[in-house]
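First up is the structure itself, then whatever we jot down about it.
The values are calculated or read from the model by the stated rules, or taken from the named source; none is laboratory data. Nothing here was measured: the structure is a model prediction, and the numbers come from that model. Note: ideal-geometry Cβ built from the backbone for every residue, glycine included; neighbour counts use all protein chains shown.
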Amino acid sequence: MGVSARKGMIICCNGKMFAGVFAWHVQAGNINANLADIECLMSGIRESIYSNLLFEDRWMMLADGVVNTLRVSLWSILLATLMGSLLCAIRMKSRSWAKVSVKWYVELMRAIPLLVLLLLLFYVVLADVALSPLWIAIVCFTLYFSAYFCEIFRSGIEGVNRGQWEAGFALGLSPWRTFMKVILPQALKKIIPVYKGQMVTLVKSTSIIGYVAVVDLTKAGDLIRSRTFDAFFPLLLVAAVYLLLTLILGALLDLFEKRITPKSRKI
């Protein structure tokens, strides 16, 4: 086929990969689909589904990968939130040396790339510790994202007017009850939107844990690709699953935000 004959034809992928040959011929400004090419496309889709998911039960690799991704994500979110809260309390209420220590910790975590930190923990710091690769990944994400959560919580709390503290004290509330009843509800309105974005980033960042022998969602897709030599379909499926996970997480946080923010509820 010459160059002129190939003009106006867009080949999405070959027959071995995702969709067979799908050619759209451009003539006189109108796009006409060749029925034979459409049939070839559908055949290619069926072949890709069978070879990537059904053959040898390869869908189970993706299912296991989703489970490992969820394990790392949920444990990391929980532990990083708790550690971030502790770091925030230390930075806001403790003596100067403790504040400086937390500040330098936050700056250190911000400066080190997440992948480099993961490899350092796996190959150096925790190499002789009896921890599975999955838990090393959880430790890494906890250490890394707790620094970001600390700053998110601190900025949200400090964003509440100082007069609110004084109002709580004037009502006879203790510092703890003033924080829980007056300060925290107002701070959460500022914290949740940023916190939600950081949680989504955490879930997407779990795609690197395959570097330490954890078969997560991304690694499972890569293993399927190595067996089928079909890169497009597994990667597209992996991207779709990540999209679904982040949408569900975002929806749950939106519900929580509406519960603590009456003005955001629909009347």
- Message: Could you check the stretch 210-219 and list, in sequence order, the residues that are of a type in the set (A, V, I, L, M, F, W, C) and within 14 Å of residue 64 (Cα to Cα)?
- Response: 213, 214, 215, 217
- Filter the stretch 113-140 down to residues that are free of Cβ contacts under 8 Å to residues at least 12 places away in the same chain and either in contact with a Lys or Arg (Cβ under 8 Å, 6 or more places away or on another chain) or outside any helix (DSSP H, G or I) (or both), then give me how many there are. 7
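Residues checked against (1) over 17 Å from residue 79 (Cβ atoms); (2) at pLDDT below 85; (3) more than 19 Å from the chain's Cα centre (by Cα):
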| residue | (1), (2), (3) |
| --- | --- |
| 130 | yes, yes, yes |
| 143 | no, no, no |
| 149 | no, no, no |
| 152 | no, no, no |
| 159 | yes, no, yes |
| 163 | yes, yes, yes |
| 172 | yes, yes, yes |
| 183 | yes, no, yes |
- When (1) in contact with a Lys or Arg (Cβ under 6 Å, 6 or more places away or on another chain); (2) surrounded by fewer than 21 Cβ atoms within 10 Å (Cβ to Cβ); (3) not basic (Lys, Arg) are applied to residue 156, the one that fails is (2)
- Message: If the requirement is being buried (at least 20 other Cβ atoms within 10 Å of the Cβ), among the aliphatic types (A, V, I, L, M) and at pLDDT below 85, which of these qualifies: 220, 187, 231?
- Response: 220
- Just a yes or no: is a residue in the stretch 119-139 surrounded by 12 or more Cβ atoms within 10 Å (Cβ to Cβ) and of a type in the set (Gly, Ala, Ser)? yes
